[in-house]
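S.K.: Have a look at this one.
The values are calculated or read from the model by the stated rules, or taken from the named source; none is laboratory data. Being a predicted model, the structure only gives us computed values, none of them experimental. Side chains included, ligands, DNA and RNA excluded: accessible areas come from the protein's heavy atoms. Shrake-Rupley method; radii C 1.70, N 1.55, O 1.52, S 1.80 Å.
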Amino acid sequence: MPKMWAGRFKKETDSGVNDFNSSIAFDCRMYRQDIAGSIAHAAMLAEQGIIPEEDCERIIDGLTGILDDLGSGALQFDPAAEDIHMFIEAELTARIGDAGKRLHTARSRNDQVALDIRLVLRDEIDEISGLLEKLTQTLCEMAKAHTETIMPGYTHLQRAQPITFAHHLMAYASMFLRDLGRLADTRERMDECPLGSGALAGTAYPIDRALTASALGFAAPVMNSLDGVSDRDFCIELAGALAIVMMHLSRFSEEVILWCSWEFKFLELDDAFATGSSIMPQKKNPDVAELVRGKTGRVYGDLVTLLAMMKSLPLAYNKDMQEDKEAIFDAVDTVKLCLSTFEPMLRTASVLKGNMRAAAAKGFINATDCADYLVRKGLPFRDAYKVTGTLVGLCVDKGLTLETLPLEEYQKLSPLFEADIYAAIDLTACAMTRNSLGGPAKESVGRQIAWAEERLRGLGQEDGEGMPE
Ligand code: ARG
């Protein structure tokens, strides 16, 4: 097929260059948005008297037919087409003749593609946000069932202090709520319409950019036409937000993997969300969590691809920018896939409370509480810390725990110890008395859940912030 831009060329494009240059294999997924943009553009051209009303009607009918036919499969993308924009315009002209040739008046593929990507990513952000909301809601539901499930909290992956499984889950809920905020910010900043920027320098036609912007649901037109065609900040920003989502998912995945090991055994995945080994009959592997962890690297790669692609590009459009789509689409697709698989994997897993509790009982994670007991009896914290450290050493030597160490041994080290020390170091009591804001006590976690659920309900509204009573 001759090129639409063939006018000044004396030779056919080299076939290798054709393939090299073509983006239809990956930009065809923007066809709906490309058509929506063209319909808005044609309607504006007619409204402004730039093209005749009848041509506009033919264009809109033709584009609507193409949309239907691509949707039904009656029309296939031509793999030899240069890109989705050329493909649709050529198909339109083949269907409606001269009117089709008027569509590109006062427009360039540069503002067209900048528009299409924004339209696609706007919907993708909404879809990803929905998946994140679902995961956060699942975390809240699981947390409600585990406000008294004692587990060891860790620092340095060493047992540190007693917490509850609900408390641990709500830490992830907080992360995903921040991710939702980052996505909303990104969406808000990209809510400007580049259409009408032209190739780079706007146009002398009396276009109405506010009209196309509002027809396409944007808050406003992009203010500078050079920026309109050369800005891909929104791709980078979205990839950055998605990289952080994946970082959170990878930390969660790592914990799921650890918890499923025989060494921890805090979690048993549902058979439908685990896999076996081809040689070791006993194996039940957490492949989903491992893949999510692995795919995190891909999304980081997509972010770096975009940053590196945009580095030092002179204004305005450069063909380098065609590379934006594969990277950002890969990031979007990967995150959607991971979120939609991770959520049911987590929701259907069995929480092995007894093992969590048993792990909490080892490792002296109530040592801080023992020291705090002495502090309550008047000893300065540093002295209490030292006495308790000595007690822990004694327990290690004797193969005992703080719970099983006889009172006489306590009293040899400090006369402040009385029989009530055992109640003070009871694991449940240790977790449940940590009622500080954000802490693991049942009441405190209850507030965290209420806060998260209020944020989820308030998403999209201005008043979603704040701490419920
Ligand atoms: N396929 C191109 C892209 O994705 C569309 C814009 C082409 N513009 C141009 N001046 N060659 O970036």
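S.K.: Take every DSSP beta bridge with both residues inside the chain and express the antiparallel ones as a percent of the total, to the nearest 5.
M.R.: Bridges in the chain are about 80 percent antiparallel.
S.K.: If you fit an axis through the alpha-carbon atoms of helix 287-310 and take the longest principal axis of the Cα set of the chain, what angle between them do you get, 0 to 90°, nearest 10?
M.R.: Tilt relative to the chain: about 50 degrees.
S.K.: Turning to a different aspect of this structure: To the nearest 10 degrees, how steep is helix 109-145 against the longest Cα principal axis of the chain, on a 0 to 90 scale?
M.R.: 20
S.K.: Could you estimate the translational diffusion coefficient of the range 87-204 from the Stokes-Einstein equation, with Rh from the Kirkwood formula over C-alpha pairs, at 20 °C and 1.002 mPa s, in whole µm²/s?
M.R.: It comes out at roughly 115 µm²/s.
S.K.: Write down the accessible area per residue of the chain in Å², having rolled a 1.4 Å probe over the full set of protein chains.
M.R.: For the chain, the per-residue accessible area is 48 Å².
S.K.: On the protein heavy atoms, probe 1.4 angstrom, tell me the percent of accessible surface of the chain carried by carbon and sulfur.
M.R.: 54
S.K.: Quick check on the chain: helices-only [θ] at 222 nm, where DSSP H runs of length 4 and up contribute -39,500 (n - 2.57) each and the sum goes over total residues. Nearest 500, please.
M.R.: -20000 deg cm²/dmol
S.K.: Separate question: Using 20 Å as the Cα-Cα cut-off, could you pick out the over-long pairs in Lys134/Lys336; Lys353/Lys442; Lys134/Lys284; Lys144/Lys353; Lys144/Lys362?
M.R.: Cα-Cα > 20 Å for Lys134/Lys284; Lys144/Lys362; rest within.
S.K.: Whole-Hz Karplus ³J(HN,Hα) for the range 382-394, in order, using 6.51 cos²θ - 1.76 cosθ + 1.60 and θ = phi - 60°, x for Gly and Pro?
M.R.: Using θ = phi - 60°, the values come out as 4, 5, 4, 4, 5, 4, 5, x, 5, 4, 4, x, 4 Hz.
S.K.: Moving on to the next point. Rg to Rh ratio, the range 235-314, alpha-carbon atoms and Kirkwood radius?
M.R.: Result: Rg/Rh = 1.17.
S.K.: Now for a separate question. Kirkwood Rh over alpha-carbon pairs of the range 29-140, then Stokes-Einstein at 10 °C and 1.306 mPa s: what D in µm² s⁻¹, rounded to an integer?
M.R.: The Stokes-Einstein estimate is 104 µm²/s.
S.K.: Measure nothing fancy, just the Cα-based angle from helix 31-47's long axis to the longest principal axis of the chain, in degrees from 0 to 90, nearest 10.
M.R.: 50
S.K.: How big is the C-alpha Rg of the chain next to the rule-of-thumb value 2.2 N^0.38 Å, as a ratio?
M.R.: Computed over Cα atoms of the chain, the ratio equals 1.34.
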